[in-house]
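Participant: I'd like to ask some things about the structure below.
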Amino acid sequence: MPDDYVVLDLETTGKRYADDEIIEIGAVKVVGRKPIAKYQKLINPKQHLDPFITPLTGITDDMLQKCANARRSTP
């Protein structure tokens, strides 16, 4: 395993990748095998979450209401 890398984690609105939207982006930058920076952003998918997702991730529809949507969250 390399000493320097970035771990990326995406959470989505459900279990069907073709129909789902990203609701959270998380990343950890590792240098010298030690985490040096973290990034986390919630994204409003403009649709309701699958009931399976909230118990799995802890993310609720209410948490996403005030967040920017994907078009405003990415450069």
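Participant: Spelling out what I want: for every residue of segment 50-64, take phi, set θ = phi - 60°, compute 6.51 cos²θ - 1.76 cosθ + 1.60 (Karplus), and round to whole Hz; glycine and proline get x.
Facilitator: So the Karplus estimates, Gly and Pro as x, are 5, x, 5, 6, 4, x, 6, 9, x, 8, 10, 4, 4, 5, 8 Hz.
Participant: Measure off, as a whole percent, the carbon and sulfur share of the 1.4 Å-probe accessible area of segment 15-63, all protein chains present.
Facilitator: Result for segment 15-63: 56 percent of the exposed heavy-atom area is carbon or sulfur.
Participant: Exactly which chymotrypsin sites (Phe, Trp or Tyr not before Pro) in segment 1-59 are in a DSSP loop and have at most 15 other Cβ atoms within 10 Å? Please list the in-between numbers first.
Facilitator: Numbers: sites: Tyr5, Tyr17, Tyr39, Phe52; in loops: Tyr17, Phe52.
Qualifying residues, ordered by number: Tyr17, Phe52.
Participant: Heavy atoms only, 1.4 Å probe, whole protein assembly: order Asp3, Asp62 by accessible area, highest first.
Facilitator: From most exposed to least exposed: Asp62, Asp3.
Participant: Could I ask something else about it? If you wrap the chain's Cα atoms in a convex hull and average its projection over all directions, what's the area in nm²?
Facilitator: So the mean shadow area of the Cα hull is 6.2 nm².
Participant: Give, as a single signed number, the net charge of other residues whose beta carbon lies under 14 Å from the beta carbon of Thr60, with Lys and Arg counted +1 and Asp and Glu -1.
Facilitator: -4
Participant: Per the helix-only calculation at 222 nm, which mean residue ellipticity applies to the chain, given -39500 (n - 2.57) for every DSSP H run of n ≥ 4 and division by its residues, nearest 500 deg cm²/dmol?
Facilitator: Computed ellipticity for the chain at 222 nm equals -3500 deg cm²/dmol.
Participant: Which of Asp61, Asp50, Asp19 moves the most in a Gaussian network model of the chain with Cα springs under 10 Å?
Facilitator: Comparing Asp61, Asp50, Asp19 in the GNM, the peak value goes to Asp19.
Participant: Trypsin sites (Lys or Arg not before Pro), restricted to segment 8-75: which are DSSP loop and have at most 15 other Cβ atoms within 10 Å?
Facilitator: Within segment 8-75, the qualifying trypsin sites (Lys or Arg not before Pro) (loop, at most 15 other Cβ atoms within 10 Å) are Lys15, Arg16, Arg33, Lys46, Lys66.
Participant: Would you mind working out the accessible area per residue for the chain, using a 1.4 Å probe, and quoting it in Å²?
Facilitator: 76 Å²
The values are calculated or read from the model by the stated rules, or taken from the named source; none is laboratory data. From a predicted model like this one, the values you see are computed outputs, not experimental measurements. Glycine gets a Cβ as well: all are built from the backbone with ideal geometry, and neighbour counts include every protein chain shown. For accessibility, only protein heavy atoms count, side chains too; no ligands or nucleic acids. Shrake-Rupley method; radii C 1.70, N 1.55, O 1.52, S 1.80 Å.
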